[in-house]
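Only the coordinates and a few stated rules stand behind these numbers; no lab work does. What you are looking at is a predicted structure, and each value in this text was computed from that prediction instead of being measured. In this analysis, Cβ positions are derived from the backbone assuming ideal geometry, glycine residues included, and neighbour counts consider all displayed protein chains.
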Amino acid sequence: MATPVLTTLLDAEGVEYELIPHAHTERASDEAAALGLPPDSVAKTLVVAVPDGYVRAVVPAAERLDLHKVRELVGAGSKRVHLASEDDLGRDYPEFELGAVPPVGGRRDPVFLDGRLSELGDLVFEAGSHDESVRLRADDLRRLADVKVVDICEG
Amino acid sequence: MPRTKDAPRARAGDLVIVEGHKVGDARRLGTILEVLGEPGHEHYRVRWEDGRETVFYPSSDATIRPATKAKGAR
């Protein structure tokens with residue numbers, strides 16, 4: 001089920017959203033299949049460790065994140081930028097199941113939203129667990145967090 | 001912003017209408033199956049036209065249309 005830290009935030013901000021239960025999945029592409037949605041309409045959130053903390057990179061389920069692009073965007077230079085480890089996630093995102101961190105909720109990280117997703121009216125992503133998704137307006141996500149619309153996918 | 005407590009309470013059978021958010025997005029229509037939550041913080045279990053069921057948390061601009069009563073219904 002959705003994590004309270006996410007729904008509490010959405011409720012407090014008056015955001016319209018839907019919770020969509022689905023079979024347990026571990027990958028965003030499987031989540032899309034479980035929801036009966038095309039993979040390019042479902043978002044996956046990747047937590048990236050950067051020199052100043054974390055950013056949450058939100059990309060279409062079918063795409064791969066380009067960490068080189070993230071490094072350039074955060075101005076990390078030669079410093080290391082990498083996907084957060086399970087230890088990182090367990091320590092700093094205890095509200096969410098491992099691998100199901102949503103773009104918002106908990107820590108207030110900057111959000112890098114892939115441009116293709118920003119063109120969609122609605123975004124669908126894991127609601128902090130592997131068996132429930134949330135659908136909300138992309139515009140609302142931009143209101144809830146420090147969101148930069150960027151090109152962060154490979155290719 | 002949470003909805004006000006004096007907003008009319010929806011009931012099972014009422015319709016939910018969600019307008020498209022972008023040009024080209026289709027309007028979505030659903031039927032409320034169950035009203036959840038306290039007055040002022042209601043949300044609904046909804047069956048949408050495509051047959052999916054979700055829990056819908058409306059914003060203040062959501063459209064809830066009362067179910068049409070059959071003639072003679074009280």
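Some observations on this one:
- For chain A, a simple Cβ point-charge model (Lys and Arg +1, Asp and Glu -1, everything else neutral) yields a dipole of about 540 debye relative to the Cα centre.
- The equivalent ellipsoid of the range A:53-100 has semi-axes of 21, 15, 8 Å, largest first, where each one is the square root of 5 times an eigenvalue of the Cα gyration tensor.
- Cβ crowding within 10 Å ranks A:HIS68, B:HIS43 as A:HIS68, B:HIS43, fewest other Cβ atoms first.
- Above 22 Å, the calculated P(r) of the range A:1-111 contains 36 percent of its Cα-Cα pairs.
- Relative contact order for chain A, counting Cα pairs under 8 Å that sit 6 or more residues apart, in percent: 32
- Going from the residue with the fewest nearby Cβ atoms within 10 Å to the one with the most, A:LEU113, A:LEU120 rank A:LEU120, A:LEU113.
- Gyration tensor (alpha-carbon) shape descriptor, the range A:67-155, a/c threshold 1.5: oblate
- Scanning chain A for GluC sites (Glu not before Pro) lying in DSSP loops with no more than 13 further Cβ atoms inside 10 Å, the longest uninterrupted stretch between such sites is A:27-118.
- Residue by residue along B:42-55, Cβ atoms of other protein chains within 10 Å of the local Cβ number 3 on average.
- Proximal aspartates and glutamates relative to A:LYS69, as straight alpha-carbon distance under 15 Å, when same-chain residues fewer than 8 apart are discounted: A:ASP114, A:ASP151, A:GLU154
- Alpha-carbon spread of the protein assembly as shown, three principal axes, descending order, Å: 76, 31, 30
- Here the Karplus relation 6.51 cos²θ - 1.76 cosθ + 1.60, evaluated at θ = phi - 60°, turns the backbone of the range B:28-33 into coupling constants of 10, 10, x, 10, 6, 8 Hz, with x for every Gly and Pro.
- Just so you know, the Rg over Rh for the range A:11-63 is 1.06, from Cα atoms, with Rh as the Kirkwood radius.
- Helical runs assigned H by DSSP (4 residues or longer) give chain A a calculated mean residue ellipticity at 222 nm of -7000 deg cm²/dmol, each run adding -39500 (n - 2.57) before division by the residue total.
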